[in-house]
1. Considering only protein heavy atoms, with the full assembly of protein chains and a 1.4 angstrom probe, order A:Arg228, A:Arg611 by accessible area, largest first.
2. Using a 10 Å cut-off around each Cβ of peptide B:137-146, what is the average number of partner chain Cβ atoms that fall inside?
3. Provide the descending list of Cα extents for the range A:287-369 along its principal axes, expressed in whole angstroms.
4. If you keep only loop residues by DSSP, which GluC sites (Glu not before Pro) in the range B:192-270 have at most 16 other Cβ atoms within 10 Å of their Cβ?
5. For the protein assembly as shown, with all protein chains present and a 1.4 Å probe, just round the carbon and sulfur fraction of the accessible area to a whole percent.
6. What does the convex hull of the alpha-carbon atoms of the range A:129-203 project to on average, in nm²?
7. Can you tell me the relative contact order of chain A? Whole percent, Cα pairs under 8 Å, sequence separation 6 or more.
8. Which whole-number percent gives the relative contact order of chain B, counting Cα pairs below 8 Å spaced six or more residues apart?
Amino acid sequence: MTAIPPTLRTERVDARDKVTGAVRYGTDRVPPGLLHAALAVATIAKGRVTSTDTAAAEAVPGVRLVLTRAGEGELASAGFLLGGGYGFQSLQPLMDDRIAYRGQPIAIVVADTPVAATEAAALVTATYETEQVSLDLDAEGVEVVEQAATLPPMFADLVAGDAEGTLADCDVRVEGTYDLPVQHQNPMELIGCVAEWEGDDLVVHEGSQNSGAIRHGLAAQLGIDAERIQVISPYVGGGFGQKNSLQPGTALAAIAARRTGRPVKLVSTRMQVFHNASFRPASRHRVVIGADRDGTMRAAVHEVDQQTSRHDLYPGSYTEITARLYGIPNFRGHQRLVRTDVQTPGYMRAPYEHPAAFAFESTVDDLAHQLGLDPVAMRLANDSTADPITGQPFSSRHVTECLRRGAERFGWERRTHEPGSMRAADGTRIGWGVALGAYKGAAVPAVARITASSDGGLRVEVGGHEMGQGIRTAVARTVALDLGVPAADISVVVGDTRSVPQHLTAGSWGTAGALPAVGAALGELRKALGLAADGPADVAAAVAATGQANVEVEATYTAPGQPPEIVLDRLRRGLPAAGGPVYPGFTAFSFVAHFVEVRIEPVIGRIRVPRVVSVADCGRVASPVTAASQLRGGVVWGIGAALREASEVDPRYGGFLNADLAEYTIPVNADIGDIDVDFIDVPDPLLNDIGVKGLGEVSMVGVAGAIGNAIFHATGKRFRHLPIRLDDLLG
Amino acid sequence: MRAFTYTEPGTVTEAVAALAAAGPGARFLAGGTTLYDLMKLGVEAPAAVVDVHRIAGLATIDTSGPAELVFGGGARMADVAEDPVLLRDYPALAESLAKAASQQLRTMATVGGNLLQRTRCAYFRGGRPFACNKREPGSGCAAREGLDRGHAVLGISDACIATYPGDWAIALIAFDAVVDVLGPAGERTVPLAQLHVEPGEHPEREHTLAPGELILRIRVPTTGTGRGSTYHKIRDRESYAFALTSAAAAVALDADGTVTDARLALGGVATVPWRAAEAERSLVGQPLSPDASRRAGEIVFADAVVGTSNGYKIELGIRTVVDALRIAGERATQ
Ligand SMILES: Cc1cc2nc3c(=O)[nH]c(=O)nc-3n(C[C@H](O)[C@H](O)[C@H](O)COP(=O)(O)OP(=O)(O)OC[C@H]3O[C@@H](n4cnc5c(N)ncnc54)[C@H](O)[C@@H]3O)c2cc1C
Ligand code: SF4
């Protein structure tokens, strides 16, 4: 990594506030007169509410309002985020009598205390007409939709050359079918909001990755002008995709606040977050790879069936990375969506890429094994410089360097090829596995505003949300390095619609959008203050010299090839506006190589992951401290996804059974060993001026594949499902 | 959660009187980590709660005596887990607590309340619409045709296959612990082996305490066999998870390695803490070998009945016994 002068080294700018508890999250807000809301939810999986009984709930002391159905014209659907709308799903509860999934809200209860609201919500009862449900990919009654035939061209199947024709005359073919489970993001911070009316103006505090969508979605739902709504998402206590859109409870809280004339706080329970927010859908992957005897991969097929809801088509983009992991000239991707009776699934960290890489990299490992080739050497031999789908060059691609450096750090040359050939003295089976990951280099339009004061203070407002990834730190560090000022003099405002337009911060494009905008604003500031084009500057003196207390500048950034007016307009209307990975003249991806050691103890067979080495190519490293933390965090997620996490579905009942943090087993500290991370840290020359590509998502991609490959190396057993648990290893 | 009355008596006698006075459905409250949890889920709805967690004297720990170890019913799991005598002479007892729940929970929870914790069966905890004979007698058992990966294979009935979830009772039963209780009718002693009952036709009845009986203390007879012991807990993650299978194992060996005393109890696999007396007998008088240990494990599961997806518990349980006896044997010879 580039050496950072000690004076400019930036720890997380908000680390102290976080550790001391000074940070205020959305629902930490307690305005005077606050009332508390709770949701009552459906106990059937599908059907109609025929009647509700709210008498017992209304009789609970302190209850102010029990609402089972919004009034005429009071509430509209916000639409589905990926269908031109703003919501995690198009279905808005409390608008009619339809029940589409178990746990769907049937009433909102508002009371003086959270205890009264919770008690009263539990007392709301309903009678139902039930219907047959279909909950998994194989269930009777599901509806299978050809994605390419149904959705806009950006969701078309990716095809290059002639995969099937080439497969037929390859020396070897390997094939596997992989099943990946439903998972839930489980951020620590529950989904919740505080809604307050000031006259006809609405203010919402909510931990969200998309305050812009909340603003504009609420405007559509409540039938008021977006200018009258402000959304403040100061910190997100983890989002991981689940907080990327408007939640159905927010409008209900706003209506409750309007009806009661008091501010209303609604915090979902953990159980409700499992049922009334997005999740990673189940998916099934069939992968076929054909190669020459020397390991040259010549053709691949990747077919995916992915769960969606009855009411929305959540599209899949699984083959976007598998088409680009290697230089495979003949590729055919195919994606189908399977409608089941659930809430609409959505993005969970590396939403497509993690399952896709597990399936594809497991198959690649099978190929290397079958050909007797070293899995690293075979991957190196199949690296590519051009995008096999478009034929254009990659903006930057350092896969070979990731593999080489990772192999060296890991000590890969000491690996013996045969499965089961590495054992510790006590009989512990040792397996070493490798896998690649990739994630699109996305770019999002962003607006940045810098206000420089004569007292030396710098206020930077920019589009983006702080979800723990460290966007404040990356922005502060960029400004500090550019102007040669201490990070302490810089205050960064993100996630606040009262400042500049706020984009959906996800897909690892948050920093990649914010930093170029900030970079452009810095240029404007230098111009406005008559400073040199670069180098340290005495900003305070320059502001003072203008005779004003403050100097304010603004700049925008749009991705290469994006029509600025169109995407900036989408940004201002709270709609997704990200571009990539294919830009005019180049294709952009981040890459990573993971090396994993598993140890499988004798007798019982518990699988442990004592060490991981991960080397990422994410362009320039914008903030070393938070980047390393991102990469380690992604590896932890990968370990959880490979060995622990699955949301359990009982097909008779619907919903999710293990809907709490005790039973949904994310990894604990004791599950995590040494994670050694490194970065190529070569700026991307094309994607933006700052040279960054995304990191948050790619970090997780391939970890599960590397773990599965390591388990294969330790045992000779190939598992084609996740999670791989100790009951799988018995026998 | 329903409204309830709350009292905090100063002595155990007052506590027993307060609970009796509160009428049916009243509950003692210790750390609250089971009771409050189930109240929030709506599975328990006591009209009255009598808090015993600050009663002086209920939290005493005395491991210094020659004849027995004494743990007050209100002693905190974390404190007992760190007791130096246990750590040295009865590692199985200390480990059964240290490997339970999380440090935060262990700091709140008591060793008395721990014995009466209730099953983690998701259909029991989930409330309606799930059929559950334990929660609503006669409503059926959703687990039998449902997701039963965590459920029991020993001691089950047609009515209920829920696993007894605790760890501490498994280690205690292996060491012949007894429980002293105080009720409206006075004090009595219940062997731990008689505290919990298999579900039979009445899964709603989980233990033999009369309404209003307070656990004063748990007593464990001292034994040299404790040194060669372990609590081996196998779970879906390395910490903060209930046992899929567990074994409390203890052995004493003579100079040439023959087993002179064996204790074996299993958790995670049965509806109650499961003492494996026949398996213990099979070990005594034999050298402690992997084969003998495996046979002992097989004896434990001879009558196991599996459901849809808990069949792995037999092989995993046997291996847990084998590994636990290995660790116990190593400690016995140290
Ligand atoms: C997330 C989570 C994970 C857990 N993991 C584990 C685990 O891995 N292993 C494990 O063993 N346990 C585990 N537990 C359970 C935990 O150990 C028990 O909840 C705890 O020991 C109960 O003690 P308490 O003092 O909090 O009891 P309380 O919740 O106060 O009471 C529990 C029950 O016992 C009764 N009671 C309490 N004290 C007395 C007394 N002195 N006399 C008579 N009746 C009494 C109460 O009326 C109530 O019915 C876990 C719990 C949670 C919430
Ligand atoms: S196993 Fe027991 S606790 Fe679980 S649903 Fe059946 S009856 Fe209820």
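The values are calculated or read from the model by the stated rules, or taken from the named source; none is laboratory data. Because the structure is a prediction, the values reported are computed rather than measured. Don't worry about glycine lacking a Cβ; one is built from the backbone with ideal geometry, like all the others, and counts go over all protein chains shown. Heavy atoms of the whole protein, side chains included, go into the accessibility calculation; ligands, DNA and RNA do not. Shrake-Rupley method; radii C 1.70, N 1.55, O 1.52, S 1.80 Å.
1. Output order, biggest surface exposure first: A:Arg228, A:Arg611.
2. Average neighbour count from other chains, rounded to a whole number: 1.
3. 48, 21, 18
4. Passing both the DSSP loop test and the Cβ count: B:Glu201, B:Glu204, B:Glu238.
5. 51
6. Taking a quarter of the hull surface, the average projection is 12.6 nm².
7. 17
8. Relative contact order, chain B: 17 percent.
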